[in-house]
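A short reminder: the numbers here are calculations on the coordinates, not readings from a lab. The model shown is predicted, which means the values in this text are computed figures rather than measured ones. Neighbour counts are summed over all protein chains in view; Cβ atoms, including those assigned to glycine, are modelled from backbone coordinates with ideal geometry.
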Amino acid sequence: MTDFLNSLLLIDIAGAATLAWLAIGMLGLFAPRRMIASTLFPAGALVALLLAASCLWGLNSTPQIAVLPLGLPDLPFHLRLDVLSTFFLFLLGAAATGISLYSAGYFRAMGEQSGSKLNLLCLQYHVFLASMAWVLLADDAYFFMVAWETMALSSYFLVTTDHEIPEIRRAGFLYLLIAHVGAIGILLSFGVMQGGHGDYTFATMRAGHLDPLWANAAFLLALFGFGAKAGLLPMHAWLPEAHPAAPSPVSALMSGIMLKTAIYGILRVTFDLLDDRLWWWGALMLVLGLLTALFGVLFAAVQSDIKRLLAYSSIENIGIIVSGIGLSVLLNAYGENAVAALALTATLYHTLNHAFFKGLLFMGTGSVLHATTERNMAKLGGLIHHMPWVAMTALVGTLAIAGLPPFNGFVSEWLMLQAYLLAPTLPEPYLNMMLPLGAAALALAAALAAYAMVKFYGIVFLGRPRRQNQEQTQIHDAGIWERLGLVWMAAGCVLLGLFPVNVILQLDHVTQLLVGNDLGNSAARTGWLWLTPVAPERASYSPLLLFMMMLGGIALTFLIVRKFYHGRLRMGAAWDCGYPLQTPRMQDSADGFGQPIKQIFEQFFGLSREVPSPFDPHPHYQSEVTDPLWKIFYRPIARSAEFISRSVGMLQQGRISMYLLYSFVTLIALLALVI
Amino acid sequence: MKLSTLLFQFFQNGLVLLLAPLLLGWVNQCRAWLQNRSGAGLLQPYRMLFKLFHKDAVLADNASVLFRSTPYILFSCMWLAASLVPMVATDLPLSAAVDVIALVGILALARVFIALAAMDIGTAFGSLGARREMLVSFLAEPALLMVFFTAASISASTSLVTIVETIAHRGFFIYPSLAFAGIAFLMVLLAENARIPVDNPSTHLELTMIHEAMILEYSARHLALIEWASSLKLLVYMSIGFALFLPFGITEAGNWAALPLSLAALFAKLAVAGFGLALLETLSAKQRVFRVPEYLGTAFLLAVLAILIHYLLGA
């Protein structure tokens, strides 16, 4: 038995986990509906936990290969597990644990309704998880595309769970369309990278050497394809539509994990499959990432739907991640591998953080949606009194995503800013200018994210309930499974924030593989308590000490005030400067809180406004913020596609004489060619 | 870490608590003199704190845990920030745990908590104050971060201790980048501490308030802690300004013999800076809230210009 356990490779465990998820999904298809939520989803969570634990334990092992006798006759499925895959599998397992635990509580109500689709949903959910694991394990282009398509299709079915509603159908279609356009890009990129040998395994691609023209083509196609799935500008249009349409645990999965598989794809192609990186790839990713980040956060600040706000915030974080990859590639192209490792560490850390705090926030909004059936912030408010568990965990998530110490979002932001600061002088003067500008843009995006998140938390959870006739007593807190999932994610946010040195020592294995350098020696030189990426005199941060001192300060203040003075308290009506009439409508609505941003950045929003005239018998005011890229980018493309198809459609005359003429002309042309 | 450095740290902890209300009193007294009034005296903030601590706290019915704990969190953040900025001595033990970026993070944490607490009761003025505060911060925080970046690029470190030591030992050399950064820092200081031209700290007109509107619902000891934290924040910003631009007279920790001299230097700098602040407030008028983004945008632009100049000129 112990021999068996010792010989068990990590790749076997990962494969077994995916098969276990598939089995759970199949069971869900046939199991009685009432039992699915409380037995099958926790089983899936257990599988995810085992996967995460074994990946953490096996993070520094050498690459493992497996070949499955499935697939094409001359191209069986190749699987490979190296440190990069292990890290992303750990991310998948850890986040999926929390989300599956939460789903056990979320879908319970669905299981008790008759005619619900919980059987199918269970199958689709676990196939989704398994396919994401396959994407991370794939070692040849065919298996990668099979897994990628399975992921896209299963998530499409998950997004269109409530397909009776037309908006959800439309959102699902847009999602599928852009996912497939991206898949074409990825497929073409693999086609370019196989270099004419006809062997589509990644091992051949790794060993091959491409001309600069084809390397550029491969990189651009991969960036386009994976960027479409990640939500990079300008292929992001599906994100704000698909995330609100899907059920909340599915949104958490998509935002927390699926976007990261696209990031994995970019890392795999750029650092592993292509043998040399050019500086302008890094500059392109840096600029594109920062533009995406600013775009996402500006739009997040003016939304009034809680899930759309979080979706745009995901766009922002993906932009930050891609800009970090760009910085790393740029520095790596100039041979500055030490700082490239720092930038890459910051990026990977942010990837892990985002899975946790975005998953947590989506799960929190799921509970809010369950309790109030409202997604519009203008009708929410005051939920902290009725839903304390959700409110407290969502507070942890909000503080984490706003990048505030001592939580995890601040650590990755700190590391990223240190990477910008420690970047040495580059030979090109214009490139040199881009680094401080990039740091300024990153700081601006982080500050705007704090704005958007204060809006999100303050309007949903604090204040008074904005809907007058809302039955306050019916609003219930989250159930036990949901609480377990929320606390798991919140604990992840806290632990990742307080113990960064331990996390970095694990991330070092990945950066060692990708850029050939790591922070380990310097980061751990001063002990596990202080995070010193280069040297203690240059930069040092200790979140645990900071947290202890803050707690100490709070406790000391509280005790001294109580001892020397008193703690007497009286409850009364709100002061509000003595104004006697206060209604909940006098608080800021979501639109009102975002109004300064709307006014300052009016040029960048597609703003449409209806204002009443003085003579209107029933005056109303309506303002709508739309994505300007629809008008600038998507509609022209759609119109040109229609124009091309109409022009080609002129060939279809409908008369058989024309078709005979076409065949005759083709025959003459082919004869002329041959003879 | 020697015992004397630890004692220096405790000394600074206590010093900032006692000094902050005095600084506020000095600024108010200077304003009164400039406006030809007799003023309330240098010790008025202490009397105000004493009065507030004795009162019974009145809370709104729907105040949550967040509302009740925010004054303590805010006070603790500001006290921590004030304890680690080098004022009389560098090389404090706390400075190793928190660098300039983390300092900006602590100030941001305090700001987010007070904004959330402002939205907690659900009054119109609370959310107005929160919205305006986040508007000010979304441009002021990147500007402050870029000012710190400039100083960090010059001294090749983000540790405040190293920054102070590097700039202090270069003599009276004027860095062009620091000149731009200094103007940007002054603008950010006025904005973040709710001073004219961004916000009038002694106004009673609610629709013009930014900072005061957020704390309208607080009373008694909570309000006392918040007011104390505000004066600590002013002290923190002024000390950061001295550390970055006028770091002369700051000794090393553990050097008790040089302590009276560095204390005297600190008091002199604070007195001049306080008078300068009062002069600036008397000579300017408060801007419309709509103009505040332009003002802060200028500060951000100047800060980015500062760091670009550093990259261009190397100084």
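I'd like to verify something in chain B: which complete DSSP H helices, judged by Cα projection on the helix axis, reach 27 Å or more and average at least -0.5 on the Kyte-Doolittle scale?
For chain B, where a helix must reach 27 Å along its axis and average at least -0.5, the hits are B:3-34, B:65-84, B:100-120, B:124-155, B:220-245, B:259-283, B:292-313.
For the range B:99-177 and the range B:272-315, what is the separation of their Cα centres, given in Å?
Comparing the Cα centres of the range B:99-177 and the range B:272-315, I get a distance of 13 Å.
What ranking do A:Ser189, A:Ser61, A:Ser328, A:Ser304 get, fewest neighbouring Cβ atoms within 10 angstrom at the top?
Placing the least packed residue first, the sequence is A:Ser61, A:Ser304, A:Ser189, A:Ser328.
Give the value in nm², to one decimal: projected area of the alpha carbon convex hull of the protein assembly as shown, averaged over all directions.
If I average the Cα hull's projected area over directions, I get 49.2 nm².
Give me the distance between the Cα centres of the range A:555-569 and the range A:25-104, rounded to whole Å.
After rounding, the separation between the Cα centres reads 52 Å.
Could you tell me the relative contact order of chain A? Use alpha-carbon pairs under 8 Å, at least six residues apart, and round to a whole percent.
Here the relative contact order equals 12 percent.
Enumerate by residue number the trypsin sites (Lys or Arg not before Pro) in the range A:353-390 meeting two conditions: DSSP loop (anything except H, G, I, E, B), and at most 10 other Cβ atoms within 10 Å of the site's Cβ.
Nothing satisfies the criteria.
Could you work out how far the C-alpha centroid of the range A:375-390 sits from that of the range A:627-666, in angstrom?
Their Cα centres are 51 Å away from one another.
When a footprinting reagent is the concern and you count Cβ atoms within 10 Å, what order do A:Cys577, A:Cys493 take, fewest first?
In order of increasing Cβ crowding within 10 Å: A:Cys577, A:Cys493.
Among all the aspartates and glutamates, which ones have a C-alpha under 12 Å from A:Lys358's C-alpha, if same-chain residues fewer than 8 places away are not counted?
Candidates past the 8-residue exclusion: A:Glu316.
Jot down the radius of gyration and Dmax of the range B:251-315, Cα atoms only, both in angstrom.
Spelled out, the Cα radius of gyration and Dmax of the range B:251-315 are 18.6, 51 Å.
Do the alpha carbons of any pairs in B:Lys55/B:Lys269; B:Lys233/B:Lys286; B:Lys51/B:Lys286; A:Lys598/B:Lys286; A:Lys229/A:Lys598; B:Lys2/B:Lys233 sit beyond 26 Å of each other, and which pairs?
Long pairs (Cα-Cα over 26 Å): B:Lys55/B:Lys269; B:Lys51/B:Lys286; A:Lys229/A:Lys598; B:Lys2/B:Lys233.
Can you compute log10 of I(q)/I(0) for the range B:3-313 with the Debye formula, treating each Cα as one identical point scatterer, at q = 0.07, 0.12 Å⁻¹?
-0.26, -0.81
Can you give the calculated 222 nm mean residue ellipticity of the protein assembly as shown, where each DSSP H run of n ≥ 4 adds -39,500 (n - 2.57) and the sum is split over every residue, rounded to the nearest 500 deg cm²/dmol?
Value at 222 nm, helices only: -22500 deg cm²/dmol.
Please report A:Thr204, A:Thr270 as a ranked list, fewest other C-beta atoms within 10 angstrom at the top and most at the bottom.
By the 10 Å Cβ count, ascending, the order reads A:Thr204, A:Thr270.
Report the one residue of A:Ala440, A:Trp281, A:Pro617 whose Cα lies farthest in the direction of the positive end of the charge dipole of the protein assembly as shown (charges on C-beta: Lys and Arg +1, Asp and Glu -1; origin at the Cα centre).
In the protein assembly as shown, that residue is A:Pro617.
In debye, nearest 20: dipole of chain B around its Cα centre with unit charges on the Cβ of K, R (+) and D, E (-)?
480
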